[in-house]
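Below is one structure; the comments refer to it alone.
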Amino acid sequence: MAVPADDRSDESPVPPAGRAASSVTEALCTRRSVRAFLPTPLARELVEDLLATASRSPSNSNTQPWRVHVVAGEPKRRLAEDLWESLDAGQRAAQPGYPYQPGPDEWAEPYRTRRAAFGDQLYRRTLGVQPGDGEGRDRHHRRNYEFFGAPVGMILTTSAHPLAGALVDAGLFLQALMLTAREYGLDTCPQASFIDFHPVLRRHLDISDDEIVICGLALGYADREHPLGDLATPRESVARFATFHGDLT
Ligand SMILES: Cc1cc2nc3c(=O)[nH]c(=O)nc-3n(C[C@H](O)[C@H](O)[C@H](O)COP(=O)(O)O)c2cc1C
């Protein structure tokens, strides 16, 4: 069943994302999936600090199944070229490695409605790409593979043994990484688009068959002048997703 618009918490105040976050709450409320970055380069030491902090995430019996492949400069450019070539040739992998999402027509409610609302926000209202303009959508989609212009790209993988638990653990690591980035005034975009082309990633980054490609992550300073540099999305109200059993004071 579609969620009535009245029940959404679209109006909840979201602080602007520009400056660095100084609390977890601020990091959470100012994190956006940023799709327009400045080319400002990042120091390796800074990226290593971010990764070290994110690795404080919990995992099953402290197994820490995540792995990160960091790309910048020439290797990042060459990777994008190859990904675009595969995209243009329609060479998506037959199996994505893990089932991140159903096919476009297979989404159940209320997710179908929420996904459509997000598509409308991103394409029509922000980019002016009208429904049915496949070329316009493709033009934007392509930019995923150059990490939306971010100076640093990451490919997050996890151990395939056992996969389900490792996916949860790696998801916690991903969130920690995105929140820590906000503390440095940096922004991110998680990108499942990469998993369609995991054979290309395996070739470029020497990823073994024992690793599953979870997603990409763009990392850099947001271009706040660009409409895709600070796109705030709504959330459902707590009453829509939480059920309380028993009395709380
Ligand atoms: C695992 C994961 C994969 C995603 N993949 C993509 C992607 O490939 N391209 C993209 O533009 N956004 C991607 N997103 C971003 C979502 O669209 C975004 O999180 C959602 O619309 C909510 O917006 P927000 O992150 O700005 O709060 C992904 C998000 C997650 C968590």
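The values are calculated or read from the model by the stated rules, or taken from the named source; none is laboratory data. The structure displayed is predicted, hence computed values, not measured ones. Positions of Cβ are backbone-derived with ideal geometry, glycine not excepted, and every protein chain shown enters the neighbour counts. The area values use the complete protein model at the heavy-atom level, side chains included, leaving out ligands, DNA and RNA. Shrake-Rupley method; radii C 1.70, N 1.55, O 1.52, S 1.80 Å.
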Residue set P102, P96; condition without any contact (Cβ under 8 Å) to a residue 60 or more places away in the chain, of a type outside the set (A, V, I, L, M, F, W, C), within 16 Å of the ligand (Cβ to nearest atom) and open to solvent by less than 90 Å² (accessible area, probe 1.4 Å); output residue P102
Condition test on R143, is it closer than 29 Å to E74 by Cβ, within 13 Å of the ligand (Cβ to nearest atom) and open to solvent by 70 Å² or more (accessible area, probe 1.4 Å)?
-> yes
If we scan the stretch 78-86, do we find a residue that is part of a loop (DSSP other than H, G, I, E, B), of a type in the set (F, W, Y), open to solvent by less than 60 Å² (accessible area, probe 1.4 Å) and at negative phi?
-> no
Sort through R67, R92 and tell me the only one that's modelled with pLDDT of 95 or more and out of contact with any Pro (no Cβ under 8 Å at 6 or more places or on another chain).
-> R67
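Residues are listed down the side, and each one gets a yes or a no for (1) closer than 24 Å to H204 by Cβ; (2) over 20 Å from the mean Cα position of the chain (by Cα):
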position: A36; (1), (2): no, no
position: L51; (1), (2): yes, no
position: R67; (1), (2): yes, no
position: E74; (1), (2): yes, yes
position: R77; (1), (2): yes, no
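Every residue, every condition in (1) within 13 Å of the ligand (Cβ to nearest atom); (2) in a helix (DSSP H, G or I), yes or no:
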{"position": "P199", "(1), (2)": "no, yes"}
{"position": "H204", "(1), (2)": "no, yes"}
{"position": "I207", "(1), (2)": "no, no"}
{"position": "I214", "(1), (2)": "yes, no"}
{"position": "L219", "(1), (2)": "no, no"}
{"position": "R224", "(1), (2)": "no, no"}
{"position": "L228", "(1), (2)": "yes, yes"}
{"position": "L231", "(1), (2)": "yes, no"}
{"position": "P234", "(1), (2)": "yes, no"}
